[in-house]
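Where a number appears in this text, it was derived from the coordinates with a stated rule and is not lab data. Predicted model, so just to flag it, every value in this text is computed and none were measured. Because the Cβ atoms are built from the backbone with ideal geometry, glycine has one as well, and the counts that use them run over all protein chains shown.
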Amino acid sequence: METSIVNKVAESGLITLDLADFSPNESILCFDLKEYLFMGLILKEKEFRAALQAVDWKHYTGAIVAIHCTADAIIPMWAYMLVSAYATPVAKELFVGPPERALEWAWLQNIKAISTHVYADKRVVIKGCGDTPIPEAIYVAITHQLQPVVKSIMYGEPCSTVPVFKKK
């Protein structure tokens, strides 16, 4: 008598979400104001304006531009505004802060854009292992986004999950 092997995971109706799939596709490029500081301390408006005109802004085309300063300097608000004025025609998005935070911000935007109706009353497993490091904020965001509509949220792999939420 031959016994067939049944894949109970496949028949369970679980939907596995890999958060790496929602990682931004755009390049995250840094615009470091440190490069424009006089003596590493201050921005001189006239020189800064001239320097911005000399920048090859095409380099930032379609990218998410993280505007920040790696030096310990006080940067006037108008400096961020000037960079924004030059970068806006070419950049996809502008972000003030380090590139790591820009990446997390863009990832969060992708999570917020998910059509949750696809997951209505479904059992969802948020994949726990992978090659892409995923910030904690992304796990929090997906839980917040899906909890109002799903039947349950689990973390891990379909064969071994940790329950996170179950609709009562």
Exercise. Using 1/(1 + (r/R0)^6) with R0 = 22 angstrom and r between the beta carbons of Ala137 and Lys168, what's the FRET efficiency to the nearest 0.05?
Worked result: 0.25
Problem set entry | Within a Gaussian network of the chain (alpha carbon springs, distance under 10 Å), most fluctuating of Arg101, Arg49, Arg123 | Arg49
Seminar exercise, completed: The helix 99-112 Cα axis meets the longest alpha-carbon principal axis of the chain at an angle in degrees, between 0 and 90 and rounded to 10, of 40
For this session: Report, in degrees rounded to the nearest 10, the 0 to 90 angle that the Cα long axis of helix 45-54 makes with the longest principal axis of the chain.
Result: 60
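Kindly identify region 97-168 as rounded, prolate or oblate by the Cα gyration tensor criterion: order the square roots of the eigenvalues as a ≥ b ≥ c, call it rounded if a/c is under 1.5, otherwise compare a/b with b/c, prolate if a/b is larger, else oblate.
Oblate, because a/c is 1.5 or more while a/b does not exceed b/c.
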Seminar exercise, completed: Proxy exposure order for Val149, Val83, Val118 (fewest C-beta within 10 Å first) is Val118, Val149, Val83
Problem set entry | Whichever lysines have a C-alpha closer than 27 Å to that of Lys122, once near sequence neighbours (fewer than 8 apart) are set aside | Lys8, Lys112, Lys151, Lys166, Lys167, Lys168
For this session: Among His59, His117, rank each residue by its count of other Cβ atoms within 10 Å, from fewest to most, as a rough exposure measure.
Result: His117, His59
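If R₀ is 25 angstrom, what is the calculated FRET efficiency for the pair Asp72 and Glu26, using the beta carbon separation as r and rounding to 0.05? It would help to have the intermediate numbers written out before the result.
Numbers: r = 29 Å, r/R0 = 1.17.
Efficiency at R0 = 25 Å is approximately 0.30.
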Problem set entry | Fluctuation leader among Pro99, Pro148, Pro133 - the chain, Gaussian network, Cα springs under 10 angstrom | Pro133
For this session: Kindly express, to the nearest 10 degrees and within the range 0 to 90, the angle between helix 77-87's C-alpha long axis and the longest C-alpha principal axis of the chain.
Result: 70
